[in-house]
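Asks: One structure is given below, represented as structure tokens, and several questions about it will come after.
The values are calculated or read from the model by the stated rules, or taken from the named source; none is laboratory data. Since the model is a prediction, treat every value here as computed from it, not as a measurement. Reconstructed Cβ throughout: ideal geometry from the backbone, glycine too, with neighbour counts over all protein chains shown. Please note that ligands, DNA and RNA were not included when accessible areas were found on the heavy atoms of the full protein model with its side chains. Shrake-Rupley method; radii C 1.70, N 1.55, O 1.52, S 1.80 Å.
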Amino acid sequence: QVQLVESGGGLVQAGGSLRLSCAGSGRTFSSYVMGWFRQAPGKEREFVAGISGGSRFREFADSVKGRFTISRDSAKNLVFLQMNSLKPEDTAVYYCAASSTVMAMSAREYNYWGQGTQVTVSS
């Protein structure tokens with residue numbers, strides 16, 4: 001199985017930037033579709049960004065397009081989420097997830113999840 005650990009969360013002012021990292025383990029990690037999701041208090045977990053195993057395909061939620069970038073370093077089993085121009089509404093717990101099947105925006109398509117890292121954006 002794949003194990004995932006997120007890091008890089010913290011407190012940042014609106015307009016600032018933050019880079020989240022996801023460290024993965026597993027012999028087939030590089031072949032997995034990787035996604036970032038977030039969940040704010042009282043809200044459902046939502047898709048943020050996804051990247052294919054070979055980094056050929058990337059998808060972003062409309063709410064973060066132009067502000068967030070997803071990338072991966074398969075050789076090091078790392079996935080990143082670069083967040084720029086942060087807004088208070090970006091405040092949430094961010095989760096790294098892996099899918100052994102297809103890239104999707106639905107959380108139910110992802111097989112493995114990290115513990116999450118808190119991102120708080122102050123106004």
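Asks: Compute the accessible area per residue over the chain, keeping the other protein chains in place, probe 1.4 Å, unit Å². Spell out each step's value before the answer.
Replies: On the way: 6400 Å² over 123 residues.
So the chain comes to 52 Å² accessible per residue, rounded to a whole number.
Asks: Another question, then. To the nearest 0.05, what FRET efficiency results for Thr69 and Leu11 with a Förster distance of 30 Å applied to their C-beta separation? Walk me through the numbers before you get to the answer.
Replies: Values: r = 21 Å, r/R0 = 0.70.
The calculated FRET efficiency here is 0.90.
Asks: Further question: Which part of the range 49-69 falls in the paramagnetic zone of Ser30, meaning amide N under 14 Å from the point 7 Å along Cα-to-beta-carbon?
Replies: 53-56
Asks: Could you tell me which residue out of Thr120, Val48, Gly26 lies farthest along the dipole of the chain toward its positive end? Charges go on the beta carbon: Lys and Arg +1, Asp and Glu -1, centred on the Cα centre.
Replies: Of the listed residues, the answer is Gly26.
Asks: Using only the alpha carbons of the range 1-62, what is the convex hull's orientation-averaged projected area in square nanometres? Please report the intermediate quantities before stating the final value.
Replies: Numbers: hull surface 22.4 nm².
The directionally averaged projection comes out at 5.6 nm².
Asks: How large a share of the accessible area of the chain, in percent, is made up of carbon and sulfur atoms when the probe is 1.4 Å and the other protein chains stay in place?
Replies: Carbon and sulfur together cover 46 percent of it.
Asks: OK, next. Using unit Cβ charges (K, R positive; D, E negative) and no other charged atoms, how large, in debye to the nearest 20, is the dipole of the chain about its Cα centre?
Replies: In debye, rounded to 20, the chain gives about 220.
Asks: Return the aspartates and glutamates within reach of Lys87: Cα separation strictly under 17 angstrom, same-chain partners fewer than 8 residues apart disregarded; answer none if there are no such residues.
Replies: Glu46, Asp62
Asks: Defining a contact as two alpha carbons under 8 Å apart and six or more residues distant in sequence, what relative contact order in percent does the range 66-123 show? Mind dumping the intermediate values first?
Replies: On the way: 76 pairs, mean separation 18.8, N = 58.
This gives 32 percent for the range 66-123.
Asks: So for the chain, averaging the separation of alpha carbon pairs under 8 Å that are six or more residues apart and normalising by length, what relative contact order in percent results? Numbers along the way, then the final one.
Replies: On the way: 313 pairs, mean separation 43.9, N = 123.
That works out to 36 percent.
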